[in-house]
Amino acid sequence: MDDESRRCPSSEVRLQVNGTPYRLRLDNRTTLLDTLREHLDLTGAKKGCDHGQCGACTVLVDGRRSNSCLLLAVALDGAAVTTVEGLADGERLHPLQEAFLEHDAFQCGYCTPGQLCSAAGVLAEAADGMPSAVTPVGESPRLDGGEIRERMSGNLCRCGAYPNIVRAVQDTAQAGAAR
Amino acid sequence: MKGFDYRRAGDPAGAVAAVAAAPGARYLAGGTNLVDLMKLGVEAPDLLVDVGRALDDRIEEGPDGSVRIGAAVRNSDLAAHPAVRRRRPALSQALLAGASGQLRNTATVGGNLLQRTRCPYFQDITKPCNRRDPGSGCPAVEGAHRDLAILGASDQCVATHPSDMAVALAALDAEAVVLGTAGQRTVPVAELHRLPGDHPERETVLEHGDLITDVLLPALPPGARSGYRKARDRASYAFALASVAAVLEVREGSVHRVALAFGAVAARPWRARTAEEALRGAPATAESFARAADAELAAARPLRDNGYKVPLTRNLTVRLLTDLAEGASR
Amino acid sequence: MSTTSSRALGTPLRRVEGRAKATGTARYAVEHSAPGAAYAWPVPATVARGAVTAVHCADALAEPGALAVLTHENAPRLREPQDATLAVLQSPEIAHRGQVAALAVAETLEAARACAAAVRVEYAQLPHDVVFRADHPRLYAPEQVNAGYPTDRERGGFDAAYAAAAVQLDATYRTPPLHNHPMEPHATVAEWDGSRLLVRDSDQGSSDARRTLADLFGLDPEDVLVVSEHVGGGFGSKGTPRPQLVLAAMAARVVQRPVKLALPRRLLAPLTGHRAPTVQRVRIGADRDGRITALAHESATCTSTVREFVEQSSVPSRVMYASPNSRTTHRVVALNLPSPSWMRAPGECPGMFALESAVDELAEACGVDPVELRIRNEPDAEPDSGRPFSSRGLVACLREGARRFGWHDRDPRPGVHREGGLLLGTGVAAATYPVYASPCAAEARAEPGGGFTVGINATDIGTGARTVLGQIAADALGVPADTVRALVGRSDLPRASVAGGSSGTASWGWAVHKACRELRLRLDRDHGGAVPPGGLTVTADTTEDVRAGSEYARHAFGAHFAEVQVDTGTGEVRVRRMLGMFAAGRILNPRTARSQFIGGMTMGLGMALLEGSTVDPRFGDHVEADLASYHVPTCADVPDIEVGWIDEEDPHLNPMGSKGIGEIGIVGAAAALTNALHHAVGHRFRTLPVHPDTVLAALGAL
């Protein structure tokens, strides 16, 4: 037993996921993504590459989008996590979810939860004035097609739904700005 | 990935003591590169000392215009900070040209500096690599090296440093504040990484246990402009084929002050001192810029498939310096 | 019950599983909970050719949580598979680097990964040959090529006609190995209950998966249930069962627990198939007006030593243009590489890159507009077979596409359109894809409580199969679409063909249509239009209908138009616009169809400018093993893509009048982009992908 705990140490981790507090004992090697999928049965966040190269695992950690496959759960003790399962308000879909359905912004759907969480992050980042690579220096970002394409580039979609994703995010951003 | 102990450091000194005492220990901050490498088996620490909360995550602008950046500052926050975004666009642009929004939200300044090469042989533990396994050989010299080094490489290793941010920091004369068991010291970012020579496994001048706690940016003269240019296969979310960061101050049509650094061409952000020397006092024209870039790149030793980096780096340099000279700040 | 004659087909219904996918509740393969499941992790071979001489498992089994290490010595014996790549862990022989040499099984994912890392395998290594060349001494003519096409076809006398032609074009085109990389890696969870096997698999056809498992494990197919409810893309790579299916079932038998196996991304290249590289020589003889008199398309490719797979790249030249003299050939060499397999529009995709590039070169040589040149060479009947086309919308697509794109304002001179440091260019290319259909069975049920259910083991890999099958059923029954539920993705539903060859909707829809028509007939005839108290179920089988075939040559056609910009300082190419016009029979759901066309065009963009892997001659693997180095397009690479279609009424297809749309979007897209690149810079790019280094070299040489 001593030998095992030396070789495979675990820790107690407290996480708040979609508003629900959890206290878990986890192998230190466990990523946030595997915590969600294998321990909490929240399989919305997807494993596409497991190396931060595709974005399918994107969730919001303390409100900011992040690749959950590269985060060790043990290092997130106390964090608040929002996954795609937590975007909707009960039966009422998040405006981004509605827009994705309307614009057919996915086909196989495997990248979709990551796209949605990433898009939620994009809306917040732009509202906070966070620049992207295409934002002119000295200007506040405006979520036009070019900005959305650049900001959503951390989420690969092999079905090629990008033009529809861009429209969905843009519609949501405009509707949000109009409110 | 083998099992490891995890300890959260309360302060930098405690972190240094913990890592220095354990040969198999590594610092964990954002983890975007370390966790990736642990999954690949390239890194197999016994102990992770988490400095994500022990290190400072603030950016402070001094009265003289200098800036102190806590090593735990996230890349996206650094890119957005006015002292960087307005005053040092090169750094903001470099940060935003790297990785993805998600990764920039997670990766820290210290971790970005210390990220490892993306050479495919380094990342594949079933193959030889002198950097990972000294003496095993370097298959990249004859193998897949389109993305690899043209400057400062050796027949032992042709890896490149993948960071965009570090290239801008090198041009901005940034210094890393390093805390070690013997106390604190500063290291210019341009000299933080070693060239491979006969010991590619020695990637930086840091010793085991050394911890980057801050990055210092000196004040920029009021007339200096900076910028960053990167070329890549994909329009976004791709490592550089080559990149250039520059700080330029032109007075009366001549180069008064210039700092130039190349990315993705060497095992470290390549401060182009030869080019800078050639430019000082020269007319701020495309011809001067091209001559200076050529002077720097005369030392290039391209491999079979990466010779394109020579004209690419030259063209990026000319375009960036021309834009800066013409007053375009981006 | 409603009996209104609704018209669901042709309306842009939202995909029925959309909400589940957008809320994260749609579960894919290993996301299904399996209480007590263990996790498996493959150990890939580190030699390109040889044999395993020893597997040392002690350290691996000492890892906390380790349950078993399967090797060729202890793995369950399988019956010989039809597809030799599925004979996993059955012998010590290693046919390519990355082949599964052992399989670790452990309590958790983390433990399985660690267990696999601790397995030490020794090999007796043999020399390997992994470098594909069009002049490889071991090239041979296979008996046939993919999809059963003849290897060589000769019509008229090519050599004499070519020699006599006023204009001669002789060019060689190269395409690299390409990887499908669906976003969901190939994954399976397998669970035994005595001699019964339950599998949840990520594949493009679970009827096939069931048959394969039954064959390999010697089971009654009735005892095997394969569920593929949601599948995260496949693009051909899940078109046949892949090794993880077999490995998971073996491991579950060994540890006597459910086993989950999701392939790590880095193992997709060696284990799930790829599009093999091609070298294609195209020679065209024409008169000065660009009328083709002689056409030769000669393709070379490679396969593995395990399985012959021959990309049928010259086949589209048997379909596209009139030429009295023609030669189309295929040669292949078997190398010590992973086995190539299906990837979106196999044959047509690489083949049309070559042909449509060559036609563009011919147009330039003749001084004829490339749209016009294609129209001039429009055949009266399928050139190779002489059969009439059931419908052929190429000219209509070219004309309408040109109009929408603004093609006629184009200055044809290459290399003259500058915008600062950018060079701009536009290009066109044609597309074609055959009409396939396979026999299927389906059931249709009138529910006693109201509404209808249709069932067929179709697979929705993102095409919108559920949605369109519901539409087909609704129209066949004459009821509103929202009263019909389509069940797919379970092997206990009536058997269906694979989601491949752009044949899914035609094949499945045909059976669904037939069952629904029969159900309607029986409800009306036997029950006065009412549903009997116990409901009513009808099954249908289209074997006879499909086998009846057709005297027509049946193909979809299309035209791509593209505009690119080239940075003259960096060689970076960015796409400004793409427009695709397609003639693919009746478009059954405009919303999902548009998405499929865009998706295919996007993958074509990747093929032209980004994607390609290189074989490492020393190690024998594909260097670009992950998604950081194998560049699929990102959102920033893809401009707004315009898609349109020609309404085509073709009575010779199937009851819906549809042609397949899943693959034609990629066909020709790369050629349109490289033709645009030529227009931009005045250099022909005949080798894909066109990366900045290639462009810089071309700009430097100009």
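Some notes on this structure:
- Sorting the segments C:431-438, B:18-25 by their mean number of nearby beta carbons within 10 angstrom, highest to lowest, gives C:431-438, B:18-25.
- Axis angle, to the nearest 10 degrees, between helix B:286-297 and the longest C-alpha principal axis of chain B: 40 degrees.
- Surface exposure of the range A:95-178, expressed per residue as accessible area with a 1.4 Å probe, stands at 28 Å².
- FRET efficiency, 1/(1 + (r/R0)^6) with R0 35 Å, evaluated for residue A:137 and residue C:409 via beta carbons: 0.45
- Phi angles of the range C:187-202 translate, via the Karplus equation with coefficients 6.51, -1.76, 1.60 and θ = phi - 60°, into HN-Hα couplings of 8, 8, 10, 10, 8, 9, 10, x, 9, 9, 10, 10, 10, 10, 9, 9 Hz per residue; Gly and Pro are given as x.
- Sequentially through the range A:42-55, phi angles give Karplus couplings (6.51, -1.76, 1.60; θ = phi - 60°) of 9, 9, x, 5, 9, 9, x, 10, 6, 9, x, 10, 9, x Hz, Gly and Pro residues having no value and appearing as x.
- For residue B:219, the shell of other residues with beta-carbons less than 11 Å away shows a net charge of -1, using +1 for Lys and Arg and -1 for Asp and Glu.
- For the range A:9-86, the alpha-carbon coordinates run over 29, 26, 20 Å along the three principal axes, in decreasing order.
- Average accessible area per residue (Å²) across the range B:203-265 - probe 1.4 Å, nucleic acids and ligands excluded: 30
- With the convex hull drawn around the C-alpha atoms of chain A, the volume per residue stands at 129 Å³.
- Mean residue ellipticity, 222 nm, helices only, chain C: the sum of -39500 (n - 2.57) across DSSP H runs of n ≥ 4, divided by residue count and rounded to 500, is -8000 deg cm²/dmol.
- Inter-chain Cβ neighbour count for C:602-615, averaged per residue, equals 2 (cutoff 10 Å, partner chain atoms only).
- Projecting the Cα atoms of C:405, C:423, C:393 onto the charge dipole of the range C:290-431 (Cβ charges, centred on the Cα centre) puts C:393 farthest toward the positive pole.
- Cα gyration tensor, the range B:5-52 - rounded (a/c under 1.5), prolate or oblate: oblate
- Helical runs (DSSP H, four residues minimum) scored at -39500 (n - 2.57) apiece and divided by the length of chain A put the mean residue ellipticity at 222 nm at -9000 deg cm²/dmol.
- Residues whose placed amide H lies under 5 Å from that of residue C:334, excluding near-sequence neighbours: C:303
- Estimated from helices alone, the mean residue ellipticity of chain B at 222 nm is -7500 deg cm²/dmol (sum of -39500 (n - 2.57) over DSSP H runs with n ≥ 4, per residue).
- The protein assembly as shown: projected area of the alpha-carbon convex hull, averaged over directions, in nm²: 45.5
- Accessible-area composition of the range B:60-158, carbon plus sulfur, in percent [1.4 Å probe]: 49
- Efficiency of FRET between residue C:168 and residue B:304 - r from beta-carbon atoms, R0 41 angstrom, step 0.05: 0.75
- Take each peptide in C:458-469, B:200-211, C:64-75, count the other Cβ atoms within 10 Å of every residue, and average; sorted highest first, the result is C:458-469, C:64-75, B:200-211.
- Cut-off 12 Å between beta-carbons: net charge of the residues surrounding residue C:59, Lys and Arg +1, Asp and Glu -1: +2
- Shape of chain B, Cα gyration tensor, a/c cut at 1.5: oblate
- Sorting the segments C:381-394, C:625-638 by their mean number of nearby beta carbons within 10 angstrom, highest to lowest, gives C:625-638, C:381-394.
- Normalised per residue, the volume of the convex hull around the Cα set of chain C (Å³): 158
- Here the range B:225-325 exposes an accessible surface that is 48 percent carbon and sulfur, computed with a 1.4 Å probe and the other protein chains kept in place.
- Using a 1.4 angstrom probe on protein heavy atoms only, the contact between B and A buries about 3200 square angstrom of accessible area, both sides summed.
- Pairwise FRET efficiency - residue A:144 versus residue C:399, Cβ, R0 = 30 Å, nearest 0.05: 0.35
- Shape category assigned to the range B:116-256 from the gyration tensor of Cα positions, a/c cut at 1.5: oblate
- Peptide B:224-235 shows a mean partner chain C-beta count of 5 within 10 Å per residue C-beta.
- Within 10 Å of each Cβ in C:37-46, the average number of Cβ atoms from other chains: 1
- DSSP beta bridges in chain C [antiparallel fraction, %, rounded to 5]: 75
- Summed side-chain charge close to residue B:95 - residues other than residue B:95 whose Cβ falls under 12 Å, Lys, Arg +1, Asp, Glu -1: +3
- With θ taken as phi - 60° and the Karplus curve 6.51 cos²θ - 1.76 cosθ + 1.60 applied, the whole-hertz 3J(HN,Hα) list for the range A:111-116 is 7, 4, x, x, 4, 5 Hz, x standing for glycine and proline.
- If you take the alpha carbon atoms of the range A:95-178 and fit the smallest convex hull around them, that volume is 77 Å³ per residue.
- Accessible area per residue, Å², chain C with all protein chains present, probe 1.4 Å: 32
- For the chain pair A and C, buried accessible area totals roughly 4800 Å², probe 1.4 Å, rounded to the nearest 100.
- For residue B:233, residues with placed amide H under 5 Å, excluding near neighbours: B:241
- Distant-in-sequence amide H partners of residue C:555 (H built 1.01 Å from N, under 5 Å): C:390, C:391, C:435
The values are calculated or read from the model by the stated rules, or taken from the named source; none is laboratory data. Nothing here was measured: the structure is a model prediction, and the numbers come from that model. Backbone-built Cβ (ideal geometry, glycine too); neighbour counts: all protein chains shown. Just so you know, the surface numbers come from the protein's heavy atoms only, side chains and all, with ligands and any DNA or RNA stripped out. Shrake-Rupley method; radii C 1.70, N 1.55, O 1.52, S 1.80 Å.
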